[in-house]
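Structure, as C-alpha coordinates:
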Amino acid sequence: MRIAALDEAAEALGLCRGQGLADARAACPELDIVPADPEADRRLLAAVADWCDRYTPLVAPDGADGLFLDISGCAHLFGGEQGLLSDLMARLHEQGIAVRAALAPTPGAAWAAARFAPAPLVIEKGAEAPVLAPFPLAALRLDAETLAGLAKVGLKTVGQLAAAPRAPLARRFGRQCLLRLDQALGAVEEAISPRLPVPALSAERRLAEPVGRVEDVEQLLLSLAMRLKEDLERRGLGARALEYTLFRVDGAVHRLCVGASRPVRDPETVVRLFRERLAGVGDGFDAGHGFDVVRLNVLATGEISCRQGDFAQTGEDDNPDLALLLDRIAARLGGGAVTDGRHPVRRIEPVESHVPERAERRVPVTGNRKDSPAGEQAPEPAAPRPARLLSAPEPVEVVAGVPEGPPQRFRWRRALYRVARAEGPERIGGEWWTADAPEDLAPDPRDYYRVEDEEGRRYWLFRRGLYGPAGRGAQPQWFMHGMFA
(Lines give C-alpha, C1' and ligand atoms only; values in the text may rest on other atoms or scores of the structure.)
Protein backbone atom coordinates (compact mmCIF):
# COMPACT_ATOMS: atom_id res chain seq x y z
CA MET A 1 0.00 0.00 0.00
CA ARG A 2 1.60 3.24 -1.18
CA ILE A 3 0.55 6.86 -1.55
CA ALA A 4 -0.78 7.47 -5.05
CA ALA A 5 -1.71 11.15 -4.59
CA LEU A 6 -1.72 13.73 -1.82
CA ASP A 7 -2.66 17.34 -1.22
CA GLU A 8 -0.49 20.30 -0.25
CA ALA A 9 -1.17 19.84 3.47
CA ALA A 10 0.23 16.30 3.30
CA GLU A 11 3.23 17.51 1.31
CA ALA A 12 3.94 20.09 4.00
CA LEU A 13 4.24 17.22 6.53
CA GLY A 14 7.04 15.67 4.49
CA LEU A 15 5.00 12.95 2.79
CA CYS A 16 5.52 12.19 -0.90
CA ARG A 17 3.99 10.18 -3.71
CA GLY A 18 5.11 6.54 -3.77
CA GLN A 19 5.84 6.44 -0.03
CA GLY A 20 4.71 3.33 1.86
CA LEU A 21 1.48 3.72 3.81
CA ALA A 22 2.96 2.22 6.97
CA ASP A 23 5.80 4.76 6.96
CA ALA A 24 3.35 7.59 6.29
CA ARG A 25 1.13 6.59 9.22
CA ALA A 26 4.17 6.30 11.49
CA ALA A 27 5.15 9.89 10.63
CA CYS A 28 1.58 11.22 10.76
CA PRO A 29 -0.85 9.02 12.76
CA GLU A 30 -3.85 11.29 12.03
CA LEU A 31 -3.43 10.84 8.27
CA ASP A 32 -6.74 10.60 6.37
CA ILE A 33 -6.56 7.79 3.81
CA VAL A 34 -8.94 7.31 0.86
CA PRO A 35 -8.59 4.33 -1.55
CA ALA A 36 -7.31 5.37 -4.95
CA ASP A 37 -9.83 5.28 -7.83
CA PRO A 38 -7.97 5.89 -11.13
CA GLU A 39 -11.14 5.59 -13.21
CA ALA A 40 -12.93 8.26 -11.16
CA ASP A 41 -9.84 10.47 -11.50
CA ARG A 42 -9.93 10.00 -15.26
CA ARG A 43 -13.61 10.98 -15.41
CA LEU A 44 -12.98 14.05 -13.27
CA LEU A 45 -10.07 15.16 -15.45
CA ALA A 46 -12.22 14.70 -18.58
CA ALA A 47 -14.99 16.78 -17.00
CA VAL A 48 -12.53 19.55 -16.11
CA ALA A 49 -11.16 19.43 -19.67
CA ASP A 50 -14.71 19.88 -20.99
CA TRP A 51 -15.19 22.82 -18.69
CA CYS A 52 -11.89 24.38 -19.83
CA ASP A 53 -13.34 24.68 -23.33
CA ARG A 54 -14.87 27.93 -22.10
CA TYR A 55 -11.35 29.43 -22.34
CA THR A 56 -10.03 27.77 -25.50
CA PRO A 57 -10.95 24.85 -27.77
CA LEU A 58 -7.31 23.69 -27.69
CA VAL A 59 -7.29 21.57 -24.52
CA ALA A 60 -4.95 18.58 -24.31
CA PRO A 61 -4.58 16.03 -21.49
CA ASP A 62 -1.23 15.82 -19.72
CA GLY A 63 -0.84 12.52 -17.94
CA ALA A 64 -3.32 11.54 -15.25
CA ASP A 65 -3.44 14.85 -13.38
CA GLY A 66 -2.82 17.74 -15.77
CA LEU A 67 -4.12 19.69 -18.74
CA PHE A 68 -2.48 21.89 -21.35
CA LEU A 69 -4.47 24.89 -22.60
CA ASP A 70 -3.30 26.78 -25.69
CA ILE A 71 -4.75 30.25 -25.06
CA SER A 72 -3.14 32.00 -28.03
CA GLY A 73 -5.52 34.77 -29.08
CA CYS A 74 -7.97 34.10 -26.21
CA ALA A 75 -6.49 35.96 -23.23
CA HIS A 76 -7.89 39.37 -24.22
CA LEU A 77 -11.42 38.03 -23.66
CA PHE A 78 -10.64 37.73 -19.95
CA GLY A 79 -8.70 40.91 -19.35
CA GLY A 80 -5.28 39.59 -20.26
CA GLU A 81 -3.23 36.55 -19.28
CA GLN A 82 -3.26 37.31 -15.57
CA GLY A 83 -7.00 37.85 -15.65
CA LEU A 84 -7.56 34.54 -17.42
CA LEU A 85 -5.36 32.70 -14.93
CA SER A 86 -7.13 34.26 -11.95
CA ASP A 87 -10.58 33.56 -13.38
CA LEU A 88 -9.73 29.91 -14.09
CA MET A 89 -8.33 29.26 -10.63
CA ALA A 90 -11.15 31.09 -8.85
CA ARG A 91 -13.87 29.17 -10.69
CA LEU A 92 -12.23 25.80 -10.05
CA HIS A 93 -11.77 26.69 -6.39
CA GLU A 94 -15.50 27.49 -6.14
CA GLN A 95 -16.20 23.99 -7.49
CA GLY A 96 -14.08 22.45 -4.74
CA ILE A 97 -11.12 21.55 -6.98
CA ALA A 98 -7.58 22.33 -5.82
CA VAL A 99 -5.52 23.42 -8.81
CA ARG A 100 -2.04 24.71 -9.55
CA ALA A 101 -1.63 26.65 -12.77
CA ALA A 102 0.83 28.83 -14.64
CA LEU A 103 1.11 30.62 -17.98
CA ALA A 104 4.22 30.51 -20.14
CA PRO A 105 5.23 30.82 -23.81
CA THR A 106 6.10 27.10 -23.97
CA PRO A 107 4.30 23.98 -22.69
CA GLY A 108 7.46 22.85 -20.91
CA ALA A 109 7.85 26.11 -18.99
CA ALA A 110 4.16 26.16 -18.06
CA TRP A 111 4.39 22.54 -16.83
CA ALA A 112 7.41 23.37 -14.66
CA ALA A 113 5.97 26.59 -13.20
CA ALA A 114 2.60 24.97 -12.41
CA ARG A 115 4.28 22.23 -10.35
CA PHE A 116 7.33 23.91 -8.83
CA ALA A 117 6.57 27.64 -8.54
CA PRO A 118 5.41 28.68 -5.05
CA ALA A 119 2.49 30.71 -6.47
CA PRO A 120 0.57 31.07 -9.74
CA LEU A 121 3.02 32.51 -12.23
CA VAL A 122 2.87 34.23 -15.62
CA ILE A 123 6.17 33.92 -17.48
CA GLU A 124 6.80 36.50 -20.18
CA LYS A 125 8.29 35.54 -23.53
CA GLY A 126 12.10 35.44 -23.30
CA ALA A 127 12.11 35.13 -19.50
CA GLU A 128 11.96 31.33 -19.39
CA ALA A 129 15.66 30.76 -18.61
CA PRO A 130 15.98 33.04 -15.53
CA VAL A 131 12.60 31.97 -14.10
CA LEU A 132 13.27 28.23 -14.46
CA ALA A 133 16.92 28.38 -13.41
CA PRO A 134 16.33 27.69 -9.66
CA PHE A 135 13.80 24.90 -10.32
CA PRO A 136 14.88 21.29 -9.68
CA LEU A 137 15.60 19.10 -12.69
CA ALA A 138 12.34 17.23 -12.13
CA ALA A 139 10.67 20.32 -13.62
CA LEU A 140 11.98 19.24 -17.05
CA ARG A 141 9.84 16.07 -17.14
CA LEU A 142 12.88 13.76 -17.06
CA ASP A 143 12.63 10.11 -16.04
CA ALA A 144 13.87 8.91 -12.64
CA GLU A 145 16.98 7.20 -14.03
CA THR A 146 18.16 10.34 -15.81
CA LEU A 147 17.50 12.46 -12.73
CA ALA A 148 19.52 10.09 -10.58
CA GLY A 149 22.42 10.14 -13.05
CA LEU A 150 22.43 13.94 -13.24
CA ALA A 151 22.40 14.18 -9.44
CA LYS A 152 25.50 11.97 -9.26
CA VAL A 153 27.47 14.46 -11.36
CA GLY A 154 26.30 17.39 -9.23
CA LEU A 155 23.56 18.80 -11.54
CA LYS A 156 20.45 19.53 -9.49
CA THR A 157 18.81 22.63 -10.99
CA VAL A 158 17.69 23.73 -14.44
CA GLY A 159 20.22 26.58 -14.41
CA GLN A 160 23.11 24.21 -13.71
CA LEU A 161 22.03 21.92 -16.54
CA ALA A 162 21.71 24.85 -18.98
CA ALA A 163 25.25 26.04 -18.12
CA ALA A 164 26.87 22.59 -18.49
CA PRO A 165 28.59 21.54 -21.76
CA ARG A 166 26.03 19.92 -24.05
CA ALA A 167 28.19 17.36 -25.86
CA PRO A 168 29.20 15.37 -22.73
CA LEU A 169 25.61 15.48 -21.49
CA ALA A 170 24.29 14.08 -24.78
CA ARG A 171 26.87 11.28 -24.81
CA ARG A 172 26.20 10.23 -21.22
CA PHE A 173 22.47 10.83 -20.75
CA GLY A 174 21.10 10.85 -24.28
CA ARG A 175 19.45 13.57 -26.36
CA GLN A 176 16.16 13.43 -24.43
CA CYS A 177 17.75 15.34 -21.57
CA LEU A 178 18.72 18.28 -23.78
CA LEU A 179 15.48 18.08 -25.77
CA ARG A 180 13.37 18.66 -22.66
CA LEU A 181 15.60 21.59 -21.71
CA ASP A 182 15.31 23.16 -25.16
CA GLN A 183 11.53 22.66 -25.20
CA ALA A 184 11.12 24.38 -21.86
CA LEU A 185 13.33 27.33 -22.89
CA GLY A 186 11.69 27.71 -26.30
CA ALA A 187 14.67 26.65 -28.43
CA VAL A 188 12.66 23.68 -29.80
CA GLU A 189 8.95 24.00 -30.59
CA GLU A 190 6.59 21.60 -28.81
CA ALA A 191 3.04 21.11 -30.06
CA ILE A 192 0.07 19.87 -28.08
CA SER A 193 -2.66 17.61 -29.49
CA PRO A 194 -6.18 18.80 -28.59
CA ARG A 195 -8.49 16.12 -27.18
CA LEU A 196 -11.31 17.26 -29.50
CA PRO A 197 -11.08 18.34 -33.16
CA VAL A 198 -11.03 22.08 -33.67
CA PRO A 199 -14.28 23.25 -35.33
CA ALA A 200 -14.18 24.83 -38.76
CA LEU A 201 -16.24 27.82 -37.54
CA SER A 202 -17.42 28.88 -34.12
CA ALA A 203 -19.55 31.60 -32.51
CA GLU A 204 -19.72 32.24 -28.77
CA ARG A 205 -21.74 34.34 -26.35
CA ARG A 206 -20.76 35.13 -22.74
CA LEU A 207 -23.64 36.17 -20.53
CA ALA A 208 -23.63 38.62 -17.66
CA GLU A 209 -26.52 36.71 -16.06
CA PRO A 210 -27.02 32.92 -16.43
CA VAL A 211 -30.05 31.65 -18.34
CA GLY A 212 -31.90 28.40 -17.77
CA ARG A 213 -35.14 28.45 -19.77
CA VAL A 214 -35.29 26.48 -23.00
CA GLU A 215 -36.76 29.54 -24.75
CA ASP A 216 -33.71 31.62 -23.79
CA VAL A 217 -31.37 28.84 -24.92
CA GLU A 218 -33.10 28.75 -28.32
CA GLN A 219 -32.96 32.55 -28.65
CA LEU A 220 -29.22 32.52 -28.00
CA LEU A 221 -28.85 29.74 -30.54
CA LEU A 222 -30.64 31.84 -33.14
CA SER A 223 -28.30 34.79 -32.60
CA LEU A 224 -25.23 32.53 -32.88
CA ALA A 225 -26.57 30.92 -36.05
CA MET A 226 -27.10 34.36 -37.60
CA ARG A 227 -23.47 35.23 -36.90
CA LEU A 228 -22.23 32.00 -38.46
CA LYS A 229 -24.44 32.46 -41.52
CA GLU A 230 -22.38 35.43 -42.68
CA ASP A 231 -19.11 33.47 -42.47
CA LEU A 232 -20.63 30.50 -44.26
CA GLU A 233 -22.00 32.69 -47.05
CA ARG A 234 -18.63 34.30 -47.65
CA ARG A 235 -17.07 30.85 -48.06
CA GLY A 236 -19.91 29.41 -50.14
CA LEU A 237 -20.44 26.67 -47.55
CA GLY A 238 -23.19 25.21 -45.42
CA ALA A 239 -23.05 23.25 -42.17
CA ARG A 240 -23.33 19.45 -42.29
CA ALA A 241 -22.71 18.85 -38.58
CA LEU A 242 -23.18 21.33 -35.72
CA GLU A 243 -22.52 21.26 -31.99
CA TYR A 244 -24.22 23.50 -29.44
CA THR A 245 -22.20 23.68 -26.22
CA LEU A 246 -23.70 25.10 -23.04
CA PHE A 247 -21.48 25.78 -20.01
CA ARG A 248 -23.21 25.72 -16.66
CA VAL A 249 -22.03 28.00 -13.87
CA ASP A 250 -21.32 24.98 -11.64
CA GLY A 251 -18.88 23.48 -14.18
CA ALA A 252 -21.13 20.98 -15.99
CA VAL A 253 -21.09 21.07 -19.79
CA HIS A 254 -23.90 20.07 -22.16
CA ARG A 255 -22.95 19.19 -25.75
CA LEU A 256 -25.76 18.81 -28.28
CA CYS A 257 -24.86 17.61 -31.79
CA VAL A 258 -27.03 17.50 -34.90
CA GLY A 259 -26.36 16.52 -38.50
CA ALA A 260 -27.87 17.68 -41.76
CA SER A 261 -28.47 15.54 -44.84
CA ARG A 262 -27.66 18.59 -46.98
CA PRO A 263 -25.60 21.71 -46.13
CA VAL A 264 -27.62 24.31 -44.24
CA ARG A 265 -26.95 27.83 -43.06
CA ASP A 266 -30.41 29.27 -42.52
CA PRO A 267 -30.61 30.24 -38.81
CA GLU A 268 -34.27 29.20 -38.48
CA THR A 269 -33.46 25.75 -39.89
CA VAL A 270 -30.58 25.35 -37.45
CA VAL A 271 -32.86 26.25 -34.55
CA ARG A 272 -35.50 23.75 -35.68
CA LEU A 273 -32.90 20.97 -35.77
CA PHE A 274 -31.67 21.74 -32.27
CA ARG A 275 -35.23 22.15 -31.01
CA GLU A 276 -35.80 18.49 -31.84
CA ARG A 277 -32.53 17.64 -30.13
CA LEU A 278 -33.56 19.52 -27.00
CA ALA A 279 -36.90 17.73 -27.02
CA GLY A 280 -35.12 14.39 -27.41
CA VAL A 281 -32.93 15.07 -24.38
CA GLY A 282 -36.04 15.56 -22.25
CA ASP A 283 -35.36 15.35 -18.53
CA GLY A 284 -31.64 14.89 -19.21
CA PHE A 285 -31.38 18.61 -20.03
CA ASP A 286 -30.70 20.08 -16.59
CA ALA A 287 -29.90 23.78 -16.57
CA GLY A 288 -28.98 23.72 -12.88
CA HIS A 289 -28.22 27.28 -11.81
CA GLY A 290 -28.08 28.38 -15.44
CA PHE A 291 -25.68 28.70 -18.34
CA ASP A 292 -23.25 31.60 -18.53
CA VAL A 293 -21.43 30.67 -21.79
CA VAL A 294 -22.96 29.23 -24.98
CA ARG A 295 -21.12 28.29 -28.16
CA LEU A 296 -22.17 27.04 -31.60
CA ASN A 297 -19.56 25.06 -33.53
CA VAL A 298 -19.60 23.98 -37.18
CA LEU A 299 -17.93 20.56 -37.13
CA ALA A 300 -18.28 19.74 -40.84
CA THR A 301 -19.17 21.75 -43.91
CA GLY A 302 -20.33 21.18 -47.48
CA GLU A 303 -20.47 23.40 -50.53
CA ILE A 304 -23.70 25.15 -51.44
CA SER A 305 -23.69 25.77 -55.17
CA CYS A 306 -25.46 28.82 -56.53
CA ARG A 307 -27.23 27.68 -59.68
CA GLN A 308 -30.42 28.33 -61.62
CA GLY A 309 -33.42 26.56 -60.13
CA ASP A 310 -35.81 24.29 -61.99
CA PHE A 311 -39.18 25.89 -62.78
CA ALA A 312 -40.84 22.50 -62.48
CA GLN A 313 -39.43 22.13 -58.94
CA THR A 314 -38.39 18.55 -59.51
CA GLY A 315 -35.49 16.50 -58.27
CA GLU A 316 -34.09 15.72 -54.86
CA ASP A 317 -32.16 18.99 -54.57
CA ASP A 318 -35.43 20.93 -54.95
CA ASN A 319 -37.14 19.15 -52.06
CA PRO A 320 -35.70 20.74 -48.92
CA ASP A 321 -38.75 19.77 -46.86
CA LEU A 322 -37.91 16.08 -47.14
CA ALA A 323 -34.30 16.71 -46.10
CA LEU A 324 -35.45 18.80 -43.13
CA LEU A 325 -37.93 16.10 -42.07
CA LEU A 326 -35.22 13.43 -42.08
CA ASP A 327 -32.86 15.69 -40.15
CA ARG A 328 -35.49 16.46 -37.51
CA ILE A 329 -36.28 12.76 -37.05
CA ALA A 330 -32.59 11.98 -36.67
CA ALA A 331 -32.09 14.88 -34.25
CA ARG A 332 -34.87 13.68 -31.95
CA LEU A 333 -34.60 9.90 -32.24
CA GLY A 334 -31.03 9.42 -33.45
CA GLY A 335 -29.55 8.68 -36.86
CA GLY A 336 -30.46 4.99 -36.60
CA ALA A 337 -34.15 5.88 -36.59
CA VAL A 338 -34.13 6.79 -40.29
CA THR A 339 -34.31 3.27 -41.76
CA ASP A 340 -36.21 1.27 -44.33
CA GLY A 341 -37.15 -1.28 -41.67
CA ARG A 342 -33.88 -3.20 -41.62
CA HIS A 343 -31.05 -0.92 -42.78
CA PRO A 344 -30.28 2.81 -42.41
CA VAL A 345 -31.57 4.86 -45.32
CA ARG A 346 -28.68 5.96 -47.48
CA ARG A 347 -28.26 8.47 -50.27
CA ILE A 348 -25.93 8.56 -53.25
CA GLU A 349 -23.05 11.02 -53.10
CA PRO A 350 -20.78 11.85 -56.07
CA VAL A 351 -17.09 10.97 -55.87
CA GLU A 352 -14.37 12.39 -58.06
CA SER A 353 -13.44 9.38 -60.20
CA HIS A 354 -13.32 8.62 -63.92
CA VAL A 355 -14.30 4.97 -63.40
CA PRO A 356 -18.15 4.84 -63.44
CA GLU A 357 -18.54 2.29 -60.62
CA ARG A 358 -16.36 4.47 -58.37
CA ALA A 359 -18.02 7.77 -59.20
CA GLU A 360 -20.53 7.48 -56.35
CA ARG A 361 -20.83 6.14 -52.84
CA ARG A 362 -23.67 5.55 -50.44
CA VAL A 363 -23.68 7.44 -47.16
CA PRO A 364 -26.32 7.76 -44.41
CA VAL A 365 -29.08 10.11 -45.40
CA THR A 366 -28.49 12.13 -42.22
CA GLY A 367 -25.13 13.80 -41.70
CA ASN A 368 -23.10 13.22 -38.58
CA ARG A 369 -19.74 14.10 -37.10
CA LYS A 370 -17.79 11.09 -38.35
CA ASP A 371 -19.30 10.79 -41.82
CA SER A 372 -19.79 14.20 -43.30
CA PRO A 373 -19.16 14.93 -46.97
CA ALA A 374 -16.83 17.78 -47.74
CA GLY A 375 -18.60 19.06 -50.81
CA GLU A 376 -16.70 16.86 -53.28
CA GLN A 377 -17.85 17.34 -56.83
CA ALA A 378 -17.73 14.71 -59.56
CA PRO A 379 -16.54 15.68 -63.04
CA GLU A 380 -19.23 16.14 -65.66
CA PRO A 381 -19.33 13.05 -67.94
CA ALA A 382 -18.57 13.53 -71.61
CA ALA A 383 -21.58 11.40 -72.68
CA PRO A 384 -24.92 10.31 -71.19
CA ARG A 385 -24.89 7.80 -68.36
CA PRO A 386 -27.40 4.92 -67.98
CA ALA A 387 -30.34 5.12 -65.60
CA ARG A 388 -29.32 1.83 -64.00
CA LEU A 389 -25.68 0.98 -63.36
CA LEU A 390 -24.70 -2.56 -62.38
CA SER A 391 -22.80 -2.81 -59.11
CA ALA A 392 -20.04 -4.65 -61.02
CA PRO A 393 -19.59 -5.04 -64.79
CA GLU A 394 -20.71 -8.46 -66.07
CA PRO A 395 -18.84 -10.25 -68.89
CA VAL A 396 -20.65 -10.67 -72.22
CA GLU A 397 -19.85 -12.46 -75.50
CA VAL A 398 -19.71 -9.96 -78.38
CA VAL A 399 -19.47 -10.30 -82.13
CA ALA A 400 -18.21 -7.13 -83.85
CA GLY A 401 -17.92 -6.34 -87.56
CA VAL A 402 -14.32 -5.14 -87.18
CA PRO A 403 -11.94 -5.70 -84.25
CA GLU A 404 -12.23 -2.18 -82.87
CA GLY A 405 -15.77 -1.51 -84.06
CA PRO A 406 -19.09 -1.50 -82.22
CA PRO A 407 -20.83 -4.78 -81.34
CA GLN A 408 -23.30 -6.31 -83.83
CA ARG A 409 -24.73 -8.88 -81.42
CA PHE A 410 -23.92 -10.03 -77.90
CA ARG A 411 -24.88 -12.74 -75.44
CA TRP A 412 -25.60 -11.70 -71.85
CA ARG A 413 -27.04 -13.90 -69.10
CA ARG A 414 -27.62 -16.70 -71.66
CA ALA A 415 -29.78 -14.48 -73.87
CA LEU A 416 -28.78 -13.36 -77.37
CA TYR A 417 -29.31 -9.71 -78.41
CA ARG A 418 -28.97 -8.24 -81.91
CA VAL A 419 -27.79 -4.63 -82.10
CA ALA A 420 -29.84 -2.28 -84.26
CA ARG A 421 -27.98 0.94 -83.48
CA ALA A 422 -24.74 1.82 -81.69
CA GLU A 423 -23.01 5.04 -80.57
CA GLY A 424 -19.41 5.36 -79.50
CA PRO A 425 -16.80 4.71 -78.51
CA GLU A 426 -16.25 6.85 -75.42
CA ARG A 427 -12.82 6.03 -74.05
CA ILE A 428 -12.21 6.09 -70.29
CA GLY A 429 -8.61 5.55 -69.26
CA GLY A 430 -7.57 3.58 -66.21
CA GLU A 431 -6.75 5.38 -62.96
CA TRP A 432 -3.08 4.52 -62.58
CA TRP A 433 -2.77 6.53 -59.35
CA THR A 434 -5.18 4.40 -57.27
CA ALA A 435 -4.12 1.81 -54.71
CA ASP A 436 -5.42 -1.15 -56.76
CA ALA A 437 -3.71 -0.10 -60.02
CA PRO A 438 -1.38 -2.66 -61.69
CA GLU A 439 2.28 -2.53 -60.79
CA ASP A 440 3.24 -1.40 -64.30
CA LEU A 441 0.96 1.66 -63.85
CA ALA A 442 -0.79 1.01 -67.16
CA PRO A 443 -4.41 -0.05 -66.48
CA ASP A 444 -6.41 -1.13 -69.51
CA PRO A 445 -8.54 1.62 -71.04
CA ARG A 446 -12.25 1.11 -71.64
CA ASP A 447 -14.15 1.88 -74.84
CA TYR A 448 -17.86 2.37 -74.00
CA TYR A 449 -20.73 1.95 -76.51
CA ARG A 450 -24.38 2.90 -76.20
CA VAL A 451 -26.28 0.22 -78.11
CA GLU A 452 -29.96 -0.45 -78.87
CA ASP A 453 -31.28 -3.91 -79.68
CA GLU A 454 -34.00 -4.77 -82.17
CA GLU A 455 -36.72 -4.44 -79.51
CA GLY A 456 -35.68 -0.91 -78.51
CA ARG A 457 -33.84 -1.74 -75.29
CA ARG A 458 -30.68 0.29 -74.75
CA TYR A 459 -27.52 -0.93 -73.03
CA TRP A 460 -24.12 0.36 -71.99
CA LEU A 461 -21.28 -1.98 -72.97
CA PHE A 462 -17.54 -1.50 -72.93
CA ARG A 463 -14.49 -3.21 -74.36
CA ARG A 464 -11.54 -3.40 -71.97
CA GLY A 465 -8.09 -3.62 -73.50
CA LEU A 466 -6.50 -2.92 -76.89
CA TYR A 467 -5.89 -4.91 -80.05
CA GLY A 468 -2.62 -5.27 -81.89
CA PRO A 469 0.95 -4.45 -80.82
CA ALA A 470 -0.22 -1.67 -78.50
CA GLY A 471 -1.92 -4.29 -76.35
CA ARG A 472 -0.28 -6.51 -73.79
CA GLY A 473 -0.80 -9.85 -75.48
CA ALA A 474 -4.28 -10.67 -74.12
CA GLN A 475 -7.41 -10.19 -76.21
CA PRO A 476 -9.79 -7.41 -75.16
CA GLN A 477 -12.86 -8.40 -73.15
CA TRP A 478 -16.43 -7.10 -73.32
CA PHE A 479 -18.62 -6.24 -70.35
CA MET A 480 -22.18 -5.08 -69.66
CA HIS A 481 -22.24 -2.11 -67.31
CA GLY A 482 -25.74 -0.63 -67.37
CA MET A 483 -29.14 -0.12 -68.99
CA PHE A 484 -30.61 3.14 -70.26
CA ALA A 485 -34.24 2.01 -70.47
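The values are calculated or read from the model by the stated rules, or taken from the named source; none is laboratory data. Owing to the predicted nature of the structure, the values given are computational and were not obtained by experimental measurement. So basically every Cβ, Gly included, is an ideal-geometry build from the backbone, and we count neighbours across all protein chains shown. The protein model used for the area step is the full one, side chains on, heavy atoms only, and it has no ligands, DNA or RNA in it. Shrake-Rupley method; radii C 1.70, N 1.55, O 1.52, S 1.80 Å.
Assorted remarks:
- Set of aspartates and glutamates near K229 by C-alpha distance (under 14 Å), chain-local residues within fewer than 8 positions excluded: E204, D266, E268, E303
- For E360, the residues whose amide H sits under 5 Å from its own are V351, ignoring neighbours fewer than 5 places away on the same chain, with H placed 1.01 Å from N.
- Net charge contributed by nearby residues that have their C-beta within less than 10 Å of L196 (K/R +1, D/E -1): -1
- Highest mean first, the peptides 389-402, 5-18 sorted by other C-beta atoms within 10 Å per residue fall in the order 389-402, 5-18.
- With a cut-off of 13 Å between beta carbons, the residues surrounding L181 carry a summed charge of +1, where Lys and Arg count +1 and Asp and Glu -1.
- Förster radius 35 Å - calculated FRET efficiency between E39 and I348 (Cβ-Cβ, nearest 0.05): 0.20
- The length gained by stretching the chain between A119 and M483 to full extension, at 0.36 nm per residue less their Cα-Cα distance, is 123.4 nm.
- Interchain or long-range residues, amide H under 5 Å from R265's placed H: A239
- Extension gain, A9 back to S86 (0.36 nm per residue minus Cα-Cα distance, nm): 25.5 nm
- Förster radius 22 Å - calculated FRET efficiency between R2 and K152, Cβ distance, rounded to 0.05: 0.30
- Solvent-accessible surface (1.4 angstrom probe) belonging to K229, in square angstrom, nearest 10: 70
- If only the Cβ of Lys and Arg carry +1 and only the Cβ of Asp and Glu carry -1, the dipole of segment 80-173 around its Cα centre is close to 500 debye.
- All aspartates and glutamates inside 20 Å of K125 as judged from Cα atoms, apart from same-chain residues fewer than 8 positions distant: D70, E81, D182, E189, E190
- For segment 113-219, with +1 on Lys and Arg beta carbons and -1 on Asp and Glu, the positive-most of A148, L181, L201 along the dipole: A148
- Quotient of Cα Rg and 2.2 N^0.38 Å for segment 125-253, N being how many residues it contains: 1.76
- With the charge dipole of segment 1-152 set up from +1 on Lys and Arg Cβ and -1 on Asp and Glu Cβ about the Cα centre, the Cα lying farthest toward the positive end among the listed residues A102, L132, F78 is that of L132.
- Label-to-label distance, nm, for residues given as E215 and A22 (7 Å Cα→Cβ offset): 6.8
- Nonlocal amide H pairs with V188, under 5 Å, H built at 1.01 Å: Q183
- Size of charge dipole - segment 61-131 - debye, nearest 20, with Cβ of Lys, Arg +1 and Asp, Glu -1, no other charges: 100
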